[in-house]
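The values are calculated or read from the model by the stated rules, or taken from the named source; none is laboratory data. Worth saying up front: this structure is predicted, and the values here are computed from it rather than measured. Methodologically, a virtual Cβ is constructed for each residue, glycine included, from the backbone with ideal geometry; neighbour enumeration extends over all protein chains shown.
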Amino acid sequence: MAIENLSRNKSFDGWHKQYRHQSESLACAMRFAIYLPPQVANGQRVPVLYWLSGLTCTDENFMNKAGAHRVAAELGIAIVATDTSPRGKHVPDDESYDLGQGAGFYVNASEGPWNQHYHMYDYVLNELPALIESVFPVTDQRSIAGHSMGGHGALVLALRNSDRYQSVSAFSPISNPVNCRWGKKAFTAYLGKDTSRWADYDASMLMRESRQFVPALVDQGDADNFLTEQLHPEALMTAAEITNYPLELNFRQGYDHSYYFISSFIESHLRFHRKHLFKE
């Protein structure tokens, strides 16, 4: 599979690189970034943490703002950050920030015109890892994490594919999208008006039915402007109590929805993932 290197920067003795490739799942060119820790220079293959970002973001938000490279270099973990939707002049879009390009919601769209390109679920689950594992010196040990819309995506992917991920974490995830404005708008457009089809992409509903567990860590700021209207962490907490799910949910006093919050706690998330990625 052909990929094009767009940039490379040394960071904490490892390398941050951006690439572009033609995606079959999304029928467009896609960009991703990868941080390769210094251990790969010695011939070591390393596990991968996949990062999913939130509304309007690209791969650059996390890689440039989260401050994750130092700890990833220490722990020997590669990080892959993808874009948040298919993009391009031929890709359907919307004037609002919370639908269309930059707002793929990590679903497989079934409704037109979105269903020609918006298959971010398949892209993250299958196509991107297959590409990463065929090109870079990594193992097939994977964990997944994300923020906001990306936290929703990470939780859904892990809950539906417990055999594919060692652990999952999220910052400020949209935990119950079937009951919030962002989720209702996106799901109606991408999945249709039949709300019974939405449950496959709702982390709280999936966790209520879960029988195979992926260890989960969630951090939520209590000063988040979206906490009450959009995020609903209480629904996730209730679901975990019903199934005795191994969820650690932390409310962080005074923190908002921004990357100041993420950069404050990204180290604890990476160390959480390391514990599961390197478990024998």
(message) If I ask for residues that are under 13 Å from the mean Cα position of the chain (by Cα) and more than 24 Å from Ala130 (Cβ to Cβ), which ones from region 42-93 would you list?
(response) Gly54, Leu55, Asn61
(request) Collect the residues in region 184-217 that are among the acidic types (Asp, Glu) and either without any contact (Cβ under 8 Å) to a residue 12 or more places away in the chain or outside any helix (DSSP H, G or I) (or both), keeping them in residue-number order. (result) Asp194, Asp202, Glu209
(request) Quickly run through region 94-140 and pick out the residues that are part of a helix (DSSP H, G or I), under 23 Å from Ile34 (Cβ atoms) and either aliphatic (A, V, I, L, M) or over 17 Å from the mean Cα position of the chain (by Cα) (or both). (result) Met120, Val124, Leu125, Leu128, Ala130, Leu131, Ile132, Glu133, Ser134, Val135
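Residue by residue, here is whether (1) more than 19 Å from Ile79 (Cα to Cα); (2) assigned to a loop (DSSP other than H, G, I, E, B) holds:
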site	(1), (2)
Asn225	yes, yes
Met237	yes, no
Gly254	yes, yes
Arg271	no, no
(request) Given the conditions (1) under 27 Å from Asn108 (Cβ atoms); (2) out of contact with any strand residue (DSSP E or B) (no Cβ under 6 Å at 6 or more places or on another chain); (3) part of a helix (DSSP H, G or I); (4) not β-branched (Val, Ile, Thr), report the number of the one that Pro173 does not fulfil. (result) (3)
(request) Answer yes if at least one residue in region 70-83 is polar (S, T, N, Q), at pLDDT 95 or above and out of contact with any Asp or Glu (no Cβ under 9 Å at 6 or more places or on another chain), and no otherwise. (result) no
(request) Could you grab me the full set of residues in region 60-84 that are buried (at least 23 other Cβ atoms within 10 Å of the Cβ) and of a type in the set (S, T, N, Q)? (result) Thr82, Thr84
(request) Considering each residue of region 141-164, count those that are touching a residue at least 40 places away in the same chain (Cβ under 8 Å) and more than 20 Å from Ala33 (Cβ to Cβ), and give that number. (result) 8
